[in-house]
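Below is one structure, written out as structure tokens, with a few remarks after it.
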Amino acid sequence: MAFRFHFTGEDLARTRVAGAMAAMVELNVAVRVLREGCTTGDVVAAVRISAASAGEHTTVLRAAGLVTTLRGRNTAIHTPTAAGLTLLAAATG
């Protein structure tokens, strides 16, 4: 059984916009964390995303070696690594 999908130009445009918006959120989270270090709650407030989403974004940054995370009770504090600071400096000129 084969399935065929038909996408219109409008569907593809929406997909591109959604991808661009997701990239902007990721960039905002990265800049927020790399600039000064912060808690997950700080990311939630600054970028206006859910705590679960903020956690996912910081997990990606940690896996990329751009941040480290220290946990204490119910708080996670994310701080930039040397690689994260280098990337931020290169990106912001």
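Name the residue, out of R62, R48, R71, R35, that is at pLDDT 70 or above and at positive phi.
Exactly one residue qualifies, and that residue is R48.
Note down all Cβ pairs under 8 Å where the first residue falls in the range 75-93 and is within 10 Å of L61 (Cβ to Cβ), the second is surrounded by 15 or more Cβ atoms within 10 Å (Cβ to Cβ) and charged (D, E, K, R), and they're at least six residues apart or on different chains.
H78/R62
The values are calculated or read from the model by the stated rules, or taken from the named source; none is laboratory data. In this text the structure is predicted, and so the values were computed from the model without any measurement. Ideal geometry is used to build each Cβ from the backbone, glycine not excepted, and the neighbour counts take in all protein chains shown.
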